[in-house]
Amino acid sequence: MPSTHADLARQLGELLSPEAVLNGAAAERAYDCDAYTVDRSKPTAVVLPENTDQVAKVVRWCVANNVPFTARGAGTGLSGGVLPALGGVVISTKKLTRIVDIDVENRCLLAQAGIANKKISDAVKQFGLHFAPDPSSQSVSTIGGNIGENSGGPHTLKYGITVQHILGVTLVDPNGEVLKLGGKLQGGPGYDFVGLIVGGEGTLGVVTEAWVKLVPIPKAVSTALIAYGSIGDATHTVADIIAEGTIPAALEMMDRGILQAVRLAFGLQYPEGTEAMLLIECDGELENVAREMEIVKQICNRNKALEIRVAADEVERAQLWTARKKGIGAMGRIAPSIVTHDGVIPRSKLPEMLDFVYAVAAKHRVGVANLFHAGDGHLHPCFYFDDRDPDQIKRVVEAGEEIITRCIELGGSVSGEHGIGVEKIDLMSLMFSPHDLAYQATAKRIFNDGMLCNPCKVLPNQKTCVEHQKRWRGTAW
């Protein structure tokens, strides 16, 4: 076992190359958290492998030396999923960015796990195909991270989440063995281990490659941005559209807080008195799209829309998407720290839940803005604060837990796409019985029966993690 941090970094450098290992204060600060900023934990070293064999070498070395390891993509996660909770080695997929194979005839593609989500669609656009899952961070978030968190995105309502679009993975398991699970064909015989890996948050091994499903680019797309003078009018519109039997490709909502941030950041202008906006997109065959958008506009007008803007071309469409795609980043104009929560409720509970979110924020004296996937009741309350103030951190954590607890009480979920990570691990027992959690732990042990592979995540085992933290801190990992 290495005796010091420098010794550990040196041995990893001998295993790969000195240039493939980062350590020291700068690396510790850059890799001590993801975009969720409340919890932090420093890694001992960061490695930058370039292929599956190198990842396997690192994992086997970590196992042999009893050193924890955590896989990391772009670090855009929002639940602390890539936090190196016990220190140790961060395995970055920064250099795993190749597209290995494109099979146009069978509409699938094999890519390394570190490639940005959007680059997959860019690579096959010439063939009239795309990768449907589109988290708002898709220009930088990696396919490996999307797999780990089972990410969604604005088009989840119609196209589904990541798990519906992953055909197979190459996995380095927690012992350093390379497994090929699934392949080009979806729904093969036997147990669905691919479905278990997707959403496993990196606790079941390190995904290094994935076969993804490609779907045709819609022949026609129509996008509208609708302004409302009240939150209630916007949420009632959402319910009425779904009740009508129309399923848009995207049905997103933004409140005044988000719109103020976007106005400050990008100079976008909205009608006087706007309290909420819906972004609605319909796609498919030209005639169907025109009919769906006409139904949408009628419903919006019935619910007192202040303004309806429909994009005339791709340039205008991109402009209408700015508020939704750039909203979280724009919040940096308002406060230095943002925590974006992630809970799901039945659509019918949207007006009640939003009132509750604003009341909780006022109670805990924290700022909040909301943008979310309204069509499937998937909330993203964004708390803005200053994480240099411990009291503000405490209030933000308490407010978030109160909101997610209410989601569960209303028949919803503790998470829709951000995962559990370290953020929500103590809330899992509110949604699942001890029996349910025991079965999940059994499933985890199929791949990971130890505490080295992305420890202290997903399942509520904090007592064990605290004991291990004391042990590893005493050993300087």
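Looking at this structure, is H341 at pLDDT below 95 and at negative phi? Spelling it out, H341 is indeed at pLDDT below 95 and at negative phi. The condition of being modelled with pLDDT under 95 and on the phi < 0 side of the Ramachandran plot holds for only one of L437, L427, that being L427. Here is a check on your reading of the model: is L306 open to solvent by 20 Å² or more (accessible area, probe 1.4 Å) and outside any helix (DSSP H, G or I)? Against the criterion (open to solvent by 20 Å² or more (accessible area, probe 1.4 Å) and outside any helix (DSSP H, G or I)), L306 qualifies. Whether a residue is farther than 26 Å from Y159 by Cβ and modelled with pLDDT under 95 was assessed, and E272 passes this test. Out of all the residues in segment 216-228, is one or more surrounded by fewer than 24 Cβ atoms within 10 Å (Cβ to Cβ), within 25 Å of V58 (Cα to Cα) and modelled with pLDDT of 95 or more? The answer is no; no qualifying residue exists.
Modelled with pLDDT of 95 or more and either crowded, with 16+ Cβ neighbours inside 10 Å or more than 21 Å from the chain's Cα centre (by Cα) (or both): does that describe V296? When the stated conditions are applied, V296 passes them.
Is segment 204-212 home to any residue that is surrounded by 19 or more Cβ atoms within 10 Å (Cβ to Cβ), touching a His at 6+ places or on another chain (Cβ under 7 Å) and touching a residue at least 60 places away in the same chain (Cβ under 8 Å)? Yes, segment 204-212 contains a residue that is surrounded by 19 or more Cβ atoms within 10 Å (Cβ to Cβ), touching a His at 6+ places or on another chain (Cβ under 7 Å) and touching a residue at least 60 places away in the same chain (Cβ under 8 Å).
The values are calculated or read from the model by the stated rules, or taken from the named source; none is laboratory data. Predicted model only: the values in this text are computed from it and were never measured. Cβ sites come from the backbone with ideal geometry, for glycine too, and all protein chains shown count toward neighbours. Only protein heavy atoms, including side chains, enter the accessible area calculation; ligands, DNA and RNA are left aside. Shrake-Rupley method; radii C 1.70, N 1.55, O 1.52, S 1.80 Å.
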